[in-house]
1. For segment B:94-125, name all the residues that are within 30 Å of B:Asn54 (Cα to Cα) and more than 14 Å from every other protein chain (Cβ to nearest Cβ).
2. Are any of the residues in segment B:273-281 among the charged types (D, E, K, R) and part of a helix (DSSP H, G or I)?
3. Anything in segment A:1-33 that is at the interface with another protein chain (Cβ under 8 Å from one of its Cβ atoms) and closer than 17 Å to B:Val67 by Cα? List them, or say none.
4. Pick out the one residue from B:Ala74, B:Ala163 that is small (Gly, Ala, Ser) and in contact with a Gly (Cβ under 7 Å, 6 or more places away or on another chain).
5. Can you tell me which residue in segment A:34-45 is least open to solvent (accessible area, probe 1.4 Å), limited to those that are outside any helix (DSSP H, G or I) and more than 9 Å from every other protein chain (Cβ to nearest Cβ)?
6. Could you tell me whether any residue of segment B:29-39 is within 14 Å of chain A (Cβ to nearest Cβ) and modelled with pLDDT of 90 or more?
7. Report whether or not B:Ser116 is polar (S, T, N, Q), out of contact with any Pro (no Cβ under 6 Å at 6 or more places or on another chain) and either in the same structural domain as B:Leu301 (by TED's automatic domain parsing) or modelled with pLDDT of 95 or more (or both).
8. Within segment B:255-277, can one find any residue that is at positive phi and touching a Phe, Trp or Tyr at 6+ places or on another chain (Cβ under 9 Å)?
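The values are calculated or read from the model by the stated rules, or taken from the named source; none is laboratory data. Everything quoted here is computed from the prediction, not taken from an experiment. FYI the Cβ positions are ideal-geometry reconstructions off the backbone, even for glycines, and counts take in every protein chain you see. The protein model used for the area step is the full one, side chains on, heavy atoms only, and it has no ligands, DNA or RNA in it. Shrake-Rupley method; radii C 1.70, N 1.55, O 1.52, S 1.80 Å.
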Amino acid sequence: MIETIKPTEAQKKSRRGRNVALGVVLAALVALFYVVTIIKLGGMG
Amino acid sequence: MVTIDNHADLRAEEQVRLSEAGARDFFELLKPRVMSLVVFTAFAGLLLAPGSINPVIGAIAILCIAVGAGASGALNMWYDADIDAVMTRTARRPIPAGRIRPEEALAFGLTLSTFSVAILGLVVNWFAAGLLAFTIFFYAVVYTMWLKRSTPQNIVIGGASGAFPPMIGWACVTGGVSLDSVVLFLIIFLWTPAHFWALALFKMRDYGSVGIPMMPNVAGERATKHQIVAYAVLTAAVAVVPAMTGLVGWGYGLFAAALGAVFIVCSIAVWRMPDGDQKMIAAKRMFAYSVLYLFAIFSALIASHYAELLVGRFGGML
């Protein structure tokens, strides 16, 4: 039997906020690894 | 298919428990105020260390140290949720307030610990990463899980975890430890008891109510005040040592001595407070000054270091 859940507005809003924050952190990590790679490959670090 | 509608007029135990925690609640788990001190002292260690580091790599190092410190704060809040719920100072933290579940905080803390140590190791060096891992372990396990609830020396020994950041910052540049980085460690290590016991004096009922063996509750107010003076004297003395080892100049030494003298005067004012004083004005002043003192000492170290570099570079032209 499949159970589905209908969240309240407050639950939806906080979930959206957490998703945005996680997205920002992941994007920052991508940028961080990119910059570190450039520095290390360039022999600047 | 069964649909559970949380909008429906269900009793709380019939609703499916979905998190209402926002990103801000998770940020609060990182103890941002403690983190600011960690960032500042780690930054000082990084700047004062001999040698150089790429500025971007240096910024990433500071970020990793900050996140690692925050992660240990989250692990501390996970373990201490039971006592945090009782104390007025901590009852509104995300876990006792019910905004974040303990297992979420645990997962958050462990994930951030792993990422901060791994990235510091991969990007900077593994010695600094090892020190960061040890600091997180020391705060979360040695202090929080073991010492805090078992001995009044909890914050004396546990204070080491707050003293490691400048050493980690130093290790990011040099890849090791030296006398100067140990002195930076000692300044914070010796400062912590005087700083924290001033707080414990006017919050002792809180700690007593949850059975935490803080010094004022176990040894009494008088013994705590004796020790506050002793640690203030030791801190003031060690804070002058960087001028003796040659890390910075004697201008800093004089400034640190003056700041230290005020620190000692504050501690003597606490010592002179009558036992059982309800207002604890001197203890509150000591606590406020202790924060200012540490920021001033590390700011002065940085300023003195750069002043000498500038004199060394341009002095010959004058």
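1. B:Gly109, B:Leu110, B:Ser113, B:Val117
2. In the first step, residues of segment B:273-281 are kept if they are among the charged types (D, E, K, R); the result is B:275, B:277, B:279.
Still in the running and part of a helix (DSSP H, G or I): none.
The answer is no, given that none of the residues of segment B:273-281 is among the charged types (D, E, K, R) and part of a helix (DSSP H, G or I).
3. Across segment A:1-33, the qualifying residues are A:Ala21, A:Leu32.
4. On the way: B:Ala163 fails: in contact with a Gly (Cβ under 7 Å, 6 or more places away or on another chain).
Checking each option against the conditions leaves just B:Ala74.
5. Step one: list which residues in segment A:34-45 are outside any helix (DSSP H, G or I), which gives A:42-45.
Going one step further and asking which of them are more than 9 Å from every other protein chain (Cβ to nearest Cβ), we end up with A:42-43.
Details: A:Gly42: 51, A:Gly43: 67 Å².
Looking at residues that are outside any helix (DSSP H, G or I) and more than 9 Å from every other protein chain (Cβ to nearest Cβ), I get A:Gly42.
6. Taking segment B:29-39 first, the residues within 14 Å of chain A (Cβ to nearest Cβ) are B:29-30.
Checking which are modelled with pLDDT of 90 or more leaves us with B:29-30.
Yes, segment B:29-39 contains a residue that is within 14 Å of chain A (Cβ to nearest Cβ) and modelled with pLDDT of 90 or more.
7. On the way: polar (S, T, N, Q): yes; out of contact with any Pro (no Cβ under 6 Å at 6 or more places or on another chain): yes; either in the same structural domain as B:Leu301 (by TED's automatic domain parsing) or modelled with pLDDT of 95 or more (or both): yes.
So B:Ser116 fits the description; yes.
8. Keep residues of segment B:255-277 that are at positive phi, which gives B:276.
Those still in the list that are touching a Phe, Trp or Tyr at 6+ places or on another chain (Cβ under 9 Å) too: none.
No, because not a single residue in segment B:255-277 is at positive phi and touching a Phe, Trp or Tyr at 6+ places or on another chain (Cβ under 9 Å).
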